[in-house]
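Only one structure is covered here, and it is reproduced in the block below.
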């Protein structure tokens, strides 16, 4: 089978590709052998993936590619490409173009193929729990569920939610076989802090493990839903493999998360890496970030994903241990753990 | 003030224009005198409206007009233009273009003006309770409320709901001052039966009053939310005049409807027009129509609109009487009532 991963050079996209290429030994999805994976992204895909003969990298903007997809057959698509929340808030046109117009161009290419007689292409879309925001007319439930009314409070969230509805309707019409899944915050992200308000959720684990200080901009009582990159990738694969009947309907579903407080994250860090590493996290309240985060849900429920067998971690230590395992060979990522770590 | 009504030659648009031009004596909205109303529509506006010096008709497709609106100042817009449900289901591209792309072109023209320094234009958007549909994952509540999760089951409903979210986000960003209101089924529509599944809701009143037989394709126990054209117009005006604080948030609200069964409609017809007129309604079940209607909500609640003082009729007789009053001068519309009518 041939697969397309948009955003395939990114953090989740590349991990998904690696997982698929090794799955069930020789690289299988939905019981079929994967002949080719095309990684479409604005950035070049990682070298280890491009070295695999089954991988083709394709660099450029999605809506420049999309028209060409009318004449190209894919069995399945993971549509992960997206401008991120901060970008969309700063540059409205960029968000509309990258997140809405690109998705529609992709859907229209698939519809064109279906109308020429091809089977509806299976498509998994990575939406986000950013579709949920507090609305003065509708108080937030403590945990947002599949059936919570989305009232997005960012352009990113609005665009993701609009795409969910496009995908549901293109699926209802039989143009595609689409499934939208709302990802929770993925931790621990590698790399450097970025401008995102959620950046500290990874930073307070990643920086101490590297032996660097990390500032904590919110109260330790703040709660949030998180999942490891691997649980998110495994979940996307399960969404792909689900039958239409098992998916139930065409509405987007929530992916599960571990609902934790910052305090529980710090306790887990101390348990995994010891008190000296934990002590590198310094509280320094940032009112701007604290204000943004106060508007986020304190956690999720994911009844429909649960019924598909999709699970997040059940404790934050496992999420930290996944990051440590991923970075065993990295020169500096675990410097703090090696030099200050009490136990593992 | 200058106003634009898209779909201004239509059934609701023209009535809205007439109402506004006569309001508070010399034609006022939000306390200001109306200098001009532009009626934009694919059809020519009614002659009585075009005869008013304050009215300008503009014939053509909205998305051909929209770019020009960048250089034209309107204080307020009622955006009613829309392809209808049946058209959108039959011609997917038409629906996407007429209902989604046109709205976005309009919003972008208004955004362009705002970014050049103009005040955000106030915009009332006529959405529809067609945003609600039964989803296997989410059983329908008996009555759909402002906070019911929309899971549209038609392209029309999906497009309307997507526009609600665009309007909410353009409003959040300060580009416009937008308010989306979901209209219930408007009865009694004038004219002939059309292909819409809801056509009979008007037909079973309109045809007997004209002395013609009407077929009833569903059980008399079917329930639905309805409002008269005038209550809908009055509601749109109240949505326009509401302060942002009174509107509460930026999410779309339900317009109120009278939740009635077909039996109650027929009883009201008998009460207003007598048993001989009522007897012109002949049950003849149509499985296709009955199946479609079975998927519709049995009624609405409209808490937020209620708080703005928006009301539908409290009994169906008043809805029938409005239609009779509207058609007093019509040569044939009330022929049945005149010849067979028992009492009024």
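Per-peptide packing, taken as the mean over residues of other Cβ atoms within 10 Å, places A:332-342, B:249-259 in the sequence B:249-259, A:332-342 from highest down.
Note on chain B: helix-only mean residue ellipticity at 222 nm, from DSSP H runs of 4+ residues weighted -39500 (n - 2.57) and normalised by residue number, equals -11000 deg cm²/dmol. Distance between the C-alpha centres of segment A:317-332 and segment B:1-47: 65 Å, rounded to the whole angstrom. For chain A, the C-alpha radius of gyration sits at 0.99 times the compact-globule guess of 2.2 N^0.38 Å, with N the residue count.
Cβ crowding within 10 Å ranks A:310, B:5 as A:310, B:5, fewest other Cβ atoms first.
With both partners inside chain B, how many of the DSSP beta bridges are antiparallel, as a percent to the nearest 5?
The antiparallel fraction comes to roughly 15 percent.
Plainly put, the tip 7 Å out from Cα toward Cβ on residue B:116 is 4.2 nm from that tip on each other copy, the closest given first.
Specify whether the C-alpha gyration tensor of the protein assembly as shown places it in the rounded, prolate or oblate class, a ≥ b ≥ c being the square roots of the eigenvalues: rounded for a/c under 1.5, otherwise prolate if a/b is larger than b/c and oblate if not. Working shown, then result.
Details: a/c = 2.20, a/b = 1.93, b/c = 1.14.
Here the protein assembly as shown falls in the prolate category.
Taking Cα atoms only, the orientation of helix A:316-326 departs from the longest principal axis of chain A by about 70 degrees. Once the Cα atoms are used to define both axes, helix B:229-241 deviates from the longest principal axis of chain B by about 20 degrees. Between B:89, B:317, B:328, the GNM of chain B built on Cα springs shorter than 10 angstrom shows B:328 fluctuating the most. Starting from the Cα gyration tensor of segment B:1-88, take the square roots of the eigenvalues, sort them a ≥ b ≥ c, and report rounded, prolate or oblate (rounded when a/c is under 1.5, otherwise prolate if a/b is larger than b/c, else oblate). Here segment B:1-88 falls in the prolate category. Based on the Stokes-Einstein relation at 20 °C and a viscosity of 1.002 mPa s, and on the Kirkwood radius from alpha carbon pairs, segment A:209-272 is assigned a translational diffusion coefficient of 147 µm²/s.
Using the Cα atoms of segment A:211-328 to build a convex hull, what is its mean projected area in square nanometres?
8.5
Where a ≥ b ≥ c are the square roots of the eigenvalues of the C-alpha gyration tensor, would you call segment B:265-344 rounded, which needs a/c under 1.5, or, failing that, prolate if a/b is larger than b/c, or oblate? Oblate is the answer for segment B:265-344, as a/c is 1.5 or above yet b/c matches or exceeds a/b. Against the main long axis of the alpha-carbon atoms of chain A, helix A:102-115 sits at an angle near 30°.
Put the Cα centre of segment A:133-211 next to the Cα centre of segment A:293-314 and the gap is 11 Å. Arranged from fewest to most other beta-carbon atoms within 10 Å of their beta carbon, A:121, A:148 become A:148, A:121. Across segment B:150-214, Cα pairs under 8 Å and at least six residues apart give a relative contact order of 17 percent.
Each value in this text was obtained by applying a stated rule to the coordinates, not by laboratory testing. It should be emphasised that the depicted structure is a prediction, and the values quoted were computed from it without experimental measurement. Note that each Cβ is placed from the backbone with ideal geometry, even for glycine, and that neighbours are counted across all protein chains shown.
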